[in-house]
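Worksheet: the structure to be examined is printed underneath.
Laboratory data are not the source of any read-out in this text; all were calculated from the coordinates shown. Fair warning: this is a prediction, and the values are worked out from it, not measured in the lab. Neighbour counts are summed over all protein chains in view; Cβ atoms, including those assigned to glycine, are modelled from backbone coordinates with ideal geometry.
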Amino acid sequence: MELTDRKKKILQAIIRNYLETGEPVGSRTISKYTDLNLSSATIRNEMADLEEMGYILQPHTSAGRIPSDAGYRLYVDELMLEKQKEVDELKGELLDKEEKLDHLLKQTAKLLAVNTNYATMVSAPTIHRNKLKFIQLTKVNVEQLLAVIVVEGNVIKNSIIDITQEMDDETILKLNILLNTHLNGLSIEEINLAMITALKQQAGIHGDLIGEVIDAVASAIHEEEDLEIYTSGANNILKYPELSDNHKASELINTLEEKQVLGRLVQDTLADESSTGIQVYIGNESPITAMKDCSIVTATYDLGEGMKGTIGIIGPKRMDYDKVVDNLKNVMNQLDSIYKK
């Protein structure tokens, strides 16, 4: 069965009305709500088709219809296409650049919770540090060198390397030149065995030291840091009857407070490099069990230098997607603009 423009408009009207009221929507309501100038009988027929196609549900006999997950999905996908065309470059700044990032992100979570009336989360940026930027070897004492390793995101890692004999400043300088000339700008995958062997040969009696430095580089690139997540508006969940059941509400609020489970959502969002920045999880699409009765809308913000994080809004499936997407895009663009200037 074809999803005609008329069916789409009726489906959109059903969803918008349900978003506003939380009540099943009947054909008479739709006849007043749309500009299609259709009779209630015609709308009933179209609604029957939409139900057969799986876009709406009839919760009770003789009751109106409510959107299914598939209906929400169609609505959201089309909304995303519209919003992508309407993205405005916002010139205002959310907060001064001088403020600490953690304070900025906490304030962002609070602001979104107030503006949307839903629960919100903001992750601190994770750093994609796949490439080496710089190595600096310096003498600590006669038995040790300090390797300062700078990788993408300007992350600095220090590593102490033991040496078997004292090295003079000229030798250390030559090793610094050798390492930086050959390794700067490379990912750990590009530093292959043949390259390491050639570097060890050029380093002569200090070949073992080269191996230890490269091990330290690999450790700096692959080291994982604890993911910080800021949340706000957990009690907003209680405002929606479909989520205020004691068991559901308790599970949701615990998930938002404990935060460990939210890390999976953040990782899923950041892992999708094909994403345009906004992702929507409806019902069972959610990777978080406690949120199967919710919709989650996430945005990826990018601070440059490989630093990316996730902003998320959690609410009922009848959330005001239009308002949520606008709020996310505003915040995301402002964060981007603040740190990319």
Task: Simple label model, 7 Å out from Cα along Cβ direction - Arg28 to Ile156, nm - done: 7.3 nm
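What is the order of His60, His103, fewest Cβ neighbours within 10 Å to most?
His60, His103
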- [ ] Starting at the first residue of region 287-304, write each ³J(HN,Hα) from the Karplus equation 6.51 cos²θ - 1.76 cosθ + 1.60 with θ = phi - 60°, in whole Hz, x for Gly and Pro.
- [x] x, 10, 4, 5, 10, 5, 9, 10, 10, 10, 10, 10, 10, 9, 9, 10, 9, x
TODO: Within the set of other residues whose C-beta is less than 12 Å from the C-beta of Ile191, count the net charge using Lys and Arg as +1 and Asp and Glu as -1.
DONE: -2
Task: Residue-wise HN-Hα coupling along region 105-113, computed from phi with Karplus coefficients 6.51, -1.76, 1.60 (Hz; x: Gly, Pro) - done: 6, 4, 5, 4, 4, 5, 4, 5, 5
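Estimate the FRET efficiency between Glu189 and Gln267 by the formula 1/(1 + (r/R0)^6), using the beta-carbon distance for r and 25 Å for R0, to the nearest 0.05. Numbers along the way, then the final one.
Numbers: r = 21 Å, r/R0 = 0.82.
Once rounded, the FRET efficiency stands at 0.75.
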Task: Ascending count of other beta-carbon atoms within 10 Å, so fewest first, for Ser68, Ser39 - done: Ser39, Ser68
TODO: Classify region 5-67 as rounded, prolate or oblate from the Cα gyration tensor: take a ≥ b ≥ c as the square roots of its eigenvalues, call it rounded if a/c is under 1.5, otherwise prolate when a/b beats b/c and oblate if not.
DONE: rounded
Task: Cβ-based exposure ranking for Thr4, Thr116, in which fewest neighbours within 10 Å come first - done: Thr4, Thr116
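Report the relative contact order of region 132-222, percent, no decimals, based on alpha-carbon pairs under 8 angstrom and at least 6 residues apart.
On the way: 118 pairs, mean separation 25.9, N = 91.
Averaging sequence separation for qualifying contacts and normalising by length gives 28 percent for region 132-222.
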Task: Stokes-Einstein translational diffusion, region 132-222 - Kirkwood Rh over all Cα pairs, 0.692 mPa s, 37 °C, in µm²/s - done: 250 µm²/s
Task: Pairwise label distance in nanometres, Asp69 with Glu242, each label 7 Å out on the Cα-Cβ vector - done: 1.3 nm
Task: Net lengthening on full extension, Lys174/Ile196 (0.36 nm per residue, minus Cα-Cα) - done: 6.3 nm
Open item on the list: Can you give me the distance in nm between label points at Ala48 and Asn254, each placed 7 Å from the Cα along the Cα-to-Cβ direction?
Closed with: 4.7 nm
Task: Residue-count net charge about Tyr72 - beta-carbon cut-off 9 Å; Lys, Arg +1, Asp, Glu -1 - done: +2
TODO: Please compute the net charge surrounding Asp293, taking Lys and Arg as +1 and Asp and Glu as -1 over other residues with Cβ under 15 Å from its Cβ.
DONE: 0
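Students often check this: by mean Cβ neighbours within 10 Å, which of 192-205, 233-246, 18-31 ranks highest, and how do the rest follow? All intermediate terms of the calculation are to be shown ahead of the outcome.
Details: 192-205: 13.0, 233-246: 15.2, 18-31: 17.2.
Most protected by this proxy first, the peptides run 18-31, 233-246, 192-205.
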- [ ] For the pairs Lys292/Lys323; Lys32/Lys292; Lys157/Lys259; Lys110/Lys239; Lys139/Lys308, note any where the Cα-Cα span goes beyond 25 Å.
- [x] Lys32/Lys292; Lys157/Lys259; Lys139/Lys308
